[in-house]
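The values are calculated or read from the model by the stated rules, or taken from the named source; none is laboratory data. Just so you know, these numbers come straight off a predicted model, no measurement behind them. Glycine also receives a Cβ, built like all others from the backbone with ideal geometry; neighbour counts cover every protein chain displayed. Just the protein is used for accessible areas: all its heavy atoms, side chains included, with ligands, DNA and RNA removed. Shrake-Rupley method; radii C 1.70, N 1.55, O 1.52, S 1.80 Å.
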Amino acid sequence: MSIFSIRKLNLVYGGTRPVHALADIDLEIDEGEFVVLLGPSGCGKSTLLEILAGLQRPTTGQALFDGRPIAGPFPSVGVVFQDASLMPWRTVARNVQLGLEIRGRDKALRRRTADAYLQLVGLAGFGDKYPHQLSGGMRQRAGIARALANEPSVLLMDEPFGAVDHITRIRLQEDLVRIWQAHRRTVVFVTHDVGEAVFLADRIVLLSPRPGRIHDTFRVAVPRPRRRGDLSLLKLEASIYDALHAMDAGASPARAPLRALAAAR
Ligand SMILES: Nc1ncnc2c1ncn2[C@@H]1O[C@H](COP(=O)(O)OP(=O)(O)OP(=O)(O)O)[C@@H](O)[C@H]1O
Ligand SMILES: [Mg+2]
């Protein structure tokens, strides 16, 4: 059953020179699914994520959550951005507790919840530190813990690992898969890294720019835990690079049928 339904959606940013950011987007996202939005810079990935978060309204068409139009930000979603955007004056634990504090939860519950999620993301014992005392990768983990502490049914992540080094990024991807397997929340994850997309996703939605359209969709039917360098994943990566090149060459961006490229192992 779809948790998000995007139907015939267009988004035009207004102003003196309007920008047609998203065109004719039709997308269903299932409950518990891990969907990656992939595409070059400016193709509308963040805009689409903001629509799912209720931070942008479609110009035409519909964006539904659980069958109802998304009218504004709502508590069932947790959002993680590229920079963890922690509050520098709060300790890590108090950053993680923020949502619970806003909802008026008592101190003992807040502490327990923060401890549990800090442990889950590998930051047990770092709750008393301030954000500047953590590495970039640790701050991203804290940002994920903060989003999870509100126990959202959906996690929306906009290039959350874009600013960390390669090895940390690989670890964070593995952590995220582990957390996703433990909780099975729906995840919509934005990246322009093809390797990251095939490692993480159940399904990859490839967007083309100007205006942003769904160029192609790839199902990643490789069981987890996935091994980097796995032949099926590499084949899928090659197909995605082909699609990106076709896109650059201006080949028809028609709505290609869903491909089950990595089904055979
Ligand atoms: N607030 C805004 N006002 C006007 N135009 C905008 C606004 N936000 C984004 N755009 C434009 O909409 C298009 C899509 O932008 P968006 O940020 O969604 O792309 P993106 O795929 O996330 O890119 P990146 O990979 O660089 O983050 C771009 O052409 C951008 O310039
Ligand atoms: Mg973006």
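Residue-by-condition table, conditions (1) closer than 30 Å to Ile29 by Cβ; (2) of a type in the set (S, T, N, Q); (3) open to solvent by 60 Å² or more (accessible area, probe 1.4 Å); (4) out of contact with any Phe, Trp or Tyr (no Cβ under 9 Å at 6 or more places or on another chain):
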{"site": "Lys107", "(1), (2), (3), (4)": "no, no, yes, yes"}
{"site": "Arg110", "(1), (2), (3), (4)": "no, no, no, yes"}
{"site": "Asp115", "(1), (2), (3), (4)": "no, no, yes, yes"}
{"site": "Val121", "(1), (2), (3), (4)": "yes, no, no, yes"}
{"site": "Leu134", "(1), (2), (3), (4)": "no, no, no, no"}
{"site": "Gln140", "(1), (2), (3), (4)": "yes, yes, no, no"}
{"site": "Ile144", "(1), (2), (3), (4)": "yes, no, no, no"}
{"site": "Leu148", "(1), (2), (3), (4)": "yes, no, no, no"}
{"site": "Leu155", "(1), (2), (3), (4)": "yes, no, no, no"}
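Restrict the check to the range 75-98 and report whether at least one residue is in contact with a helix residue (DSSP H, G or I) (Cβ under 9 Å, 6 or more places away or on another chain), of a type in the set (Ser, Thr, Tyr) and in contact (Cβ under 8 Å) with a residue 12 or more places away in the chain. Scanning the range 75-98 turns up at least one residue that is in contact with a helix residue (DSSP H, G or I) (Cβ under 9 Å, 6 or more places away or on another chain), of a type in the set (Ser, Thr, Tyr) and in contact (Cβ under 8 Å) with a residue 12 or more places away in the chain. Ala249 passes every criterion in (1) open to solvent by 60 Å² or more (accessible area, probe 1.4 Å); (2) modelled with pLDDT under 90; (3) under 22 Å from the mean Cα position of the chain (by Cα); (4) not charged (D, E, K, R) apart from (3). Applying the criterion of at least 3 residues that are more than 16 Å from ligand 2 (Cβ to nearest atom) to the strands (runs of 3 or more DSSP E) found wholly in the range 1-103 leaves 2-13, 19-30, 60-65. The residues of the range 13-35 that are under 24 Å from Asp248 (Cβ atoms), open to solvent by less than 70 Å² (accessible area, probe 1.4 Å) and within 13 Å of ligand 1 (Cβ to nearest atom), listed by number, are Ala21, Leu22, Ala23, Ile25. Counted as qualifying within the range 152-255 are no helices (runs of 4 or more DSSP H), as none has 2 or more residues that are of a type in the set (Phe, Trp, Tyr) and free of Cβ contacts under 8 Å to residues at least 12 places away in the same chain.
Evaluated against (1) closer than 30 Å to Arg226 by Cβ; (2) of a type outside the set (Lys, Arg); (3) buried (at least 20 other Cβ atoms within 10 Å of the Cβ); (4) in contact with a Phe, Trp or Tyr (Cβ under 9 Å, 6 or more places away or on another chain), Val177 falls short on exactly one condition, (3).
Taking the numbered list (1) surrounded by fewer than 21 Cβ atoms within 10 Å (Cβ to Cβ); (2) among the aliphatic types (A, V, I, L, M); (3) in contact with a Leu (Cβ under 7 Å, 6 or more places away or on another chain) in turn, Val187 passes all entries but (1).
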